[in-house]
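Report on the structure given below.
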Amino acid sequence: MQDKVTFEYAVIRLVPKVEREEFFNIGVILFSKRKKYLDIKFHINPEKLKVMAPELALDSLNEYLNAWKIICDGKKSAGKIGELEISDRFRWLAACRSTIIQSSKTHSGLCENPEKELEAIFEEFVL
């Protein structure tokens with residue numbers, strides 16, 4: 001138990017028609033303060049996208065999510081948001097939005113390895 005650290009995560013959702021509130025999960029963002037870890041994993045199923053929102057371009061959505069990855073990594077190209085503390089970057093990414101890409105409420109847990117936990121959550125809720 002002593003090796004375990006707290007973590008928080010949010011599921012990333014694609015909400016093609018915000019007014020209808022229908023969505024499908026496309027990714028997970030996970031943060032662990034003690035491990036100084038923040039990362040995102042995402043995948044948009046092209047078949048689901050075609051059925052739910054054929055008017056949306058997969059490339060554009062992936063580009064948007066890649067920008068989230070740049071923010072997670074704290075890269076200079078992320079601008080002012082990328083310069084924030086790791087916890088603030090997570091809060092910014094997991095904040096409530098009314099756009100077509102949204103985050104669930106944040107959830108917490110304990111883990112030994114945040115990277116493995118991100119993979120497990122991703123497999124459970126996205127794939």
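Sort 107-113, 53-59, 38-44 for me by packing, meaning the mean count of neighbouring Cβ atoms within 10 Å per residue, highest on top. List each step's numbers first, then the result.
On the way: 107-113: 13.7, 53-59: 11.3, 38-44: 19.3.
My ranking of the peptides, most packed first, is 38-44, 107-113, 53-59.
Find the relative contact order for the chain and round it to a whole percent, using C-alpha pairs within less than 8 Å whose residues are 6+ positions apart. Write out the running numbers ahead of the final one.
Working: 215 pairs, mean separation 46.0, N = 127.
For the chain, the relative contact order is 36 percent.
For region 5-125, what value does the Rg/Rh ratio take when both radii are computed over Cα atoms and Rh is the Kirkwood radius, given to two decimals?
Rounded to two decimals, Rg/Rh equals 0.97.
Could you size up the charge dipole of region 1-50 around its Cα centre, putting +1 on the beta carbon of Lys and Arg and -1 on that of Asp and Glu, and report it in debye to the nearest 20? All intermediate terms of the calculation are to be shown ahead of the outcome.
Values: 11 positive and 7 negative charges, 44 e Å.
Roughly 220 debye for region 1-50.
Counting only helical runs of four or more DSSP H residues, what would the 222 nm mean residue ellipticity of the chain come to if each run contributes -39,500 (n - 2.57) and the total is spread over all its residues?
The helix-only estimate for the chain comes to -10500 deg cm²/dmol at 222 nm.
Rounded to the nearest 20 debye, what is the charge dipole size of region 1-94 about its Cα centre when +1 sits on each Lys and Arg Cβ and -1 on each Asp and Glu Cβ?
Numbers: 17 positive and 14 negative charges, 78 e Å.
It works out to roughly 380 debye.
Distance cut-off 27 Å, Cα to Cα: go down the list Lys36/Lys69; Lys33/Lys75; Lys4/Lys69; Lys17/Lys76; Lys17/Lys69 and report the pairs above it.
Pairs exceeding 27 Å: Lys17/Lys76.
Quick note: the coordinates plus some simple rules give every number you see, no bench work behind them. Computed from a prediction, not measured in an experiment: that's the story for all the values here. Cβ sites come from the backbone with ideal geometry, for glycine too, and all protein chains shown count toward neighbours.
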